[in-house]
Each structure stands twice: as structure tokens, then as C-alpha cells.
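Report on the structure given below.
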Amino acid sequence: MTVILLEPSRPGNPIRLEEVVNAPLSACLFTGYVSSLLQKNAIGVEIVHARLRDWSSEQTATYLSQKSFRLLCVHAIYLWEKTRDIFELLSNLRERNITAHINLYGYYPTFAYKNILECFPGIDSVTVGEPEITILDLARCLLSEEDVSPLMNIPGLAVRGNGGKVVFHPRSPVCDLDQLPFPDRQDISLYQKKGIVTYILGSRGCYGQCTFCYLNPFYGKINQWRGRSAKNIFDEVFGLYAEDGITNFYFSDANFFGPGKAGKERAMTLAELFLAHNLEISFGFECRANDIEEHSISRLVMAGLTNVFLGLESGDPASLKRLKKHLTVEENKKAIQLLQEYGIEPTYGFIMFEPYSTLKSVRNNFEFLKEMDIMRIPAVTAHLLHHRQTIFQGTPDYQTMLPETPYSGCDMSFSHYETLYLIKDQNVETFSEIITHVCGTALSLMPKTFDCATHASTESVLSNTSALAMLNNTLITIFANTLQYFETHENTHSPKVIEEMSHRLNHEVRGVMESCNPLHTRAFY
């Protein structure tokens, strides 16, 4: 074995309610694509999926220490305080005398590569941007050269040069995604046993310019949307359907539709291929509200579309403008209504609070959610009502929020990958803190089966679980009353206000659950 691709474990972090922002990163299929490309070029490779196998760091280190390999490539994801775990694992490997070249790839290391190479001498290189061709070149170099100096000339690879200075030359993204072999799915049986949907990557990049997103900076160019052909996507799906009996798919694309008329036509072509071959499948995808129009949606639904994640972000015109969504509130409403007409209850990307939120923008968001009747399930409601914009390195907003004197030096706490901020309006900041406490309490009380990823119907959940229905109504009422309080009271941004109101409202939420079904509630703690 010459190359190992590691998907590390991702320990849960109960104090972080926003880990949903990492969901697309876990489904991007980079590891599978790298593996298939290496195999195509006759390079031995093994995927070690510690996360899928529920391995601890110790179990992972023990397994790897028994292997012989020249290159270890690690798909690293930012997990707040838990990010340290992956570096401790790699340090453990060095202590076990693992001498292989260690490379990190993925979204997080792409934007943090300088800090990683400055702080962690056990890491030899970082792949910046798309990993497939860069890792192939890296593997070829390591397998053919005794002198590692040529590594400094590999586009897309960040390494330490003379004097320890980080050296990096950018690489352009793959232009024709059809030229990449289908991703390696050697662990497909484990995915099926765990009931995890089968991901398909139909495109990369986005034609949008949202300030909260680092997708385009990751690929190195603005508006760098690239789509596989409908026929190429169909061939992969058909193979999985016919050979492995897989019938449930999810497109992990940030934007399923390409730009303009051509994007709709490509989606329609794919739908017609599914229909022409009588594939009995279901699938979902993510898209912008302006991509939803009846002609293409109707055919996609006939072809098996059942699930749409809609990037709304806001029901406030000023926030949509600041976030550069290039959408209107009315477009968001029309998209929701059209999907519902075709029997699809979307899930949503929504930012209730952002750095420049005002009480008016929060009110607009709340009224929008009520008007569209989105808040039906308490786990969804809790996330929608408290969700606060996260600002990660690589996003346009990260650059605008940097302090006048940027941080320099080695950050071993990983804290500078995310910009923490206070909302400019102090009353809104206080309101946000209180609602976050309340929603956090609600989420901790709910059974884990009822979360944003649950595909149970709203009617089923509410009719069979009165406690959850009452909790949902309580969350909405608490938000409405607290918002009204802040709208009618000035200068309420004191620590005492936060503590007293949070305590009272948390007690109210717990009381609802206990009064509805005391015996059932005990299992929630």
C-alpha cells in the first residue's frame, strides 16, 4: 500500500449548535475521487474511514501504525475546539515512528494552510483547493523521487521551503469534470447499513457571490460553476442503481442548477434520462430560490425529486442585499410555494442573526417564517429562530470583519479560523444570546431522532407526539414575546438581563416537556 486516504472521526460538540454549516463538507466526495484517480494511474490506495467505522483516535492510530505506506492524506474538517483532535492523532502517529509524508486536504486546510504548516511540524504539506490532480502529482513525486525538493513546484501544494517559509503555487480547477473517474465507493455497504444516503457530486462551484460562503474562494475563481454532463451523471447513478440496488440519492452540489437557461436544460435532460430508463429512485439537491421554476421542477419531481434544500438566508430585504444574495423576498416566497405545490416541503438555509442585524430585520425574518408556515417541527424551528451567521476564513465577510491589526503568528487554538463577533446593535446581540440559550435547551430536550435531518413528515411528528407540538408552539411564542419586549424597551443589553431572561425562558421550555409527558421526558436528559 503506497497511499492511505484518511477520513478521521468527527466527535460531537454539544456546545456548538451550528455544526450544520459543515454538512456539505462531509459529503463533497473528494476522498472517493482522489482514490479513483490514483487507482486509474496504477497507484495503490486505501481509504480508511474512521468516522464511518466509529473509531476513536486511538483505534485509528493503532490501525495506521500497522500499515506500510508512503503517503497519508487526511481530509480535515474544522470542528471548533474539537479540531485539535486530528492534530493530536497525527502527532500520535509521529510518536509511533510513522515517517510517511502527511498531507491535509479539504476546505478547512485550504484556508488555514499557512497556520497549519507554521504550527505543526509533523504536517509535511497541505493541498489547497481541489485535491485530485494535486495529490496525484504528490504521490507520483514521492514514489519516484528520493529528493523531495520537487514538491515545492507542484501547483496546488503548500509546503515549507528554505528557512521554513511556506511556499505555494496555485492550481486551476479541473475544467471538464466528466474526465474524472467516478468516485471510489469501497465502503458503500457500511453507508447502507447506517442508512446514510448515497451522495452524488454533479457540479462544483456556484454562480452566486454570497458574502458568507467560501465556495468560490476555495476553487480560486469567482463564479466558477462547473457541471458534469447529464449523461455522465446518469451513468454513475444508473451503475449504482443496477449494480448495488441503491434507490436514494442526494446531490451534494452547493448549487444543483447551473446558471441561466443552460442550467435548467441540463437538469431537464437528467430528469428525462431517469424517466426514459424507468429508474425507480428518489433524490434531493440544494439550490437557490431563483432556480425554482415550474417547467423543470415538474419533470424533476416526476423523475424522483423528493427533497430540496433551499438557500433562502433571509426574509429581510436589507439583509439579502448585504449578503449579496441577488434575490428578493418575493422570489424566496414564490420558490417555497411552488415546491409545496409539487408536494415538496423544503429544508432551508436561513440566517436569523448576522453582524448588522437590527430589530427590524429580525422582525422581518420572523414574520416571513410565520407567513410561509415554515416553523412546524420544533428541531427545525429551534434552528431557524436562533441561527447566527458563522464567519469562516476564506469568506468575503471574514476579510471585512478582520481587526485593524490582523492576527499574526502560530494559532494552536484554531480560534482564528472563525471570526467571532458581536452584533453591532447591542439590543439585538442580547436578544440573540437569550434565544440561543432557549433554543439550545429545547434541542437538548428533544429525542435525537427529531432533528433537521429527519425525513419524517410534519403531520406524523405532530400528531403522534403532543409534547413536541407544544414545544414548537412554545418556542414560537417565546421568540415573539421576547422580540416584542426588546422592541418596546431600550438599553436592555446587560448581563443581568441575559441571565434572568434565559433562566426564566429555559425553565418554561423544560416545564412544557415535563408537563406533557414526565416519563417520556426523563429520557431526554
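Rundown of residues vs (1) crowded, with 20+ Cβ neighbours inside 10 Å; (2) in a helix (DSSP H, G or I); (3) at pLDDT below 90, yes/no style:
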site	(1), (2), (3)
GLN224	no, no, yes
PHE256	yes, no, no
LYS261	no, yes, no
ARG266	yes, yes, no
LEU273	no, yes, no
HIS295	no, yes, no
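Confirm whether GLU280 is modelled with pLDDT of 95 or more, over 25 Å from the mean Cα position of the chain (by Cα) and not in a loop (DSSP other than H, G, I, E, B).
Details: modelled with pLDDT of 95 or more: yes; over 25 Å from the mean Cα position of the chain (by Cα): yes; not in a loop (DSSP other than H, G, I, E, B): no.
Criteria not met by GLU280.
For (1) within 25 Å of GLN484 (Cα to Cα); (2) in contact with a strand residue (DSSP E or B) (Cβ under 8 Å, 6 or more places away or on another chain); (3) among the hydroxyl-bearing types (Ser, Thr, Tyr), each residue gets a yes or a no:
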position: LEU323; (1), (2), (3): no, yes, no
position: PRO355; (1), (2), (3): yes, no, no
position: THR358; (1), (2), (3): yes, no, yes
position: ARG363; (1), (2), (3): yes, no, no
position: VAL380; (1), (2), (3): yes, yes, no
position: LEU384; (1), (2), (3): yes, yes, no
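The one condition from (1) open to solvent by 30 Å² or more (accessible area, probe 1.4 Å); (2) assigned to a loop (DSSP other than H, G, I, E, B) that GLY129 does not meet is (1).
Hey, can you tell me all the residues within the range 304-347 that are at pLDDT 95 or above and of a type in the set (Asp, Glu)? Those that are at pLDDT 95 or above and of a type in the set (Asp, Glu): GLU313, ASP316, GLU330, GLU331, GLU341. Listed conditions (1) in contact with an Asp or Glu (Cβ under 8 Å, 6 or more places away or on another chain); (2) modelled with pLDDT of 95 or more; (3) closer than 24 Å to ALA254 by Cβ are all met by CYS73, apart from (1). When ARG84, ARG140, ARG94 are checked against the criterion of being outside any loop (DSSP other than H, G, I, E, B) and under 18 Å from SER413 (Cβ atoms), ARG84 stands alone in meeting it. Evaluation of ALA230 against the conditions (1) open to solvent by less than 20 Å² (accessible area, probe 1.4 Å); (2) out of contact with any Leu (no Cβ under 7 Å at 6 or more places or on another chain); (3) of a type outside the set (Ser, Thr, Tyr); (4) farther than 30 Å from TYR398 by Cα shows that the sole unmet condition is (2).
Does any residue of the range 166-185 turn out to be farther than 20 Å from VAL34 by Cβ and not in a strand (DSSP E or B)?
Taking the range 166-185 first, the residues farther than 20 Å from VAL34 by Cβ are 166-167.
Among the residues that remain, those that are also not in a strand (DSSP E or B) are: none.
No: the range 166-185 contains no residue that is farther than 20 Å from VAL34 by Cβ and not in a strand (DSSP E or B).
For residues that are of a type in the set (D, E, K, R) and out of contact with any Phe, Trp or Tyr (no Cβ under 9 Å at 6 or more places or on another chain), scanning just the range 233-254, find the one that is least open to solvent (accessible area, probe 1.4 Å).
Selected residue: ASP244.
Just give me the residues in the range 412-448 being more than 22 Å from the chain's Cα centre (by Cα), over 25 Å from ASN365 (Cα atoms) and either among the aliphatic types (A, V, I, L, M) or not in a loop (DSSP other than H, G, I, E, B) (or both), in sequence order.
Going through the range 412-448, the residues more than 22 Å from the chain's Cα centre (by Cα) turn out to be 412, 422-435, 437-438, 441-442, 445-447.
Next cut, over 25 Å from ASN365 (Cα atoms) only: 412, 445, 447.
If the condition is that a residue be more than 22 Å from the chain's Cα centre (by Cα), over 25 Å from ASN365 (Cα atoms) and either among the aliphatic types (A, V, I, L, M) or not in a loop (DSSP other than H, G, I, E, B) (or both), then MET412, LEU445 are the ones that fit.
Among the residues of the range 57-86, those identified as open to solvent by 40 Å² or more (accessible area, probe 1.4 Å) and within 16 Å of ALA139 (Cβ to Cβ) are LYS67, SER68, ARG70.
Conditions tested, residue by residue: (1) among the aromatic types (Phe, Trp, Tyr); (2) modelled with pLDDT of 90 or more; (3) open to solvent by 20 Å² or more (accessible area, probe 1.4 Å); (4) under 17 Å from ILE377 (Cα atoms).
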| site | (1), (2), (3), (4) |
| --- | --- |
| LEU420 | no, no, yes, no |
| LYS424 | no, yes, yes, no |
| LEU443 | no, no, yes, yes |
| MET446 | no, no, no, yes |
| SER463 | no, no, yes, yes |
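Just one of the listed residues (PHE285, PHE309) is in contact with a Pro (Cβ under 8 Å, 6 or more places away or on another chain), in a strand (DSSP E or B) and either within 25 Å of ASN216 (Cα to Cα) or of a type in the set (A, V, I, L, M) (or both), namely PHE309. Testing ASP54 on (1) in contact (Cβ under 8 Å) with a residue 40 or more places away in the chain; (2) open to solvent by 10 Å² or more (accessible area, probe 1.4 Å); (3) touching a helix residue (DSSP H, G or I) at 6+ places or on another chain (Cβ under 8 Å), one condition comes back false. Which one is that? All conditions are met except number (3). In summary, helices (runs of 4 or more DSSP H) completely within the range 319-411 and bearing 1 or more residues that are surrounded by fewer than 20 Cβ atoms within 10 Å (Cβ to Cβ) and over 20 Å from the mean Cα position of the chain (by Cα) occur at 329-341, 359-371, 396-400. Filtering the range 179-210 to residues that are open to solvent by less than 10 Å² (accessible area, probe 1.4 Å) and of a type in the set (S, T, N, Q) leaves only SER203.
Only a single item in (1) exposed (fewer than 15 other Cβ atoms within 10 Å of the Cβ); (2) modelled with pLDDT of 85 or more; (3) of a type in the set (A, V, I, L, M) is not met by ILE435, and it is number (1).
Selection over the range 186-222 of residues that are in a loop (DSSP other than H, G, I, E, B) and among the hydrophobic types (A, V, I, L, M, F, W, C) gives a count of 8. Across the range 1-44, the number of residues qualifying as at pLDDT 95 or above and open to solvent by 20 Å² or more (accessible area, probe 1.4 Å) comes to 5.
The values are calculated or read from the model by the stated rules, or taken from the named source; none is laboratory data. A quick note: this is a predicted structure, and the numbers were derived from the prediction, not measured. Here Cβ is always computed from backbone atoms with ideal geometry, including for glycine, and neighbour counts include all displayed protein chains. Side chains are part of the model used for accessible areas, which takes the heavy atoms of the whole protein and leaves out ligands, DNA and RNA. Shrake-Rupley method; radii C 1.70, N 1.55, O 1.52, S 1.80 Å.
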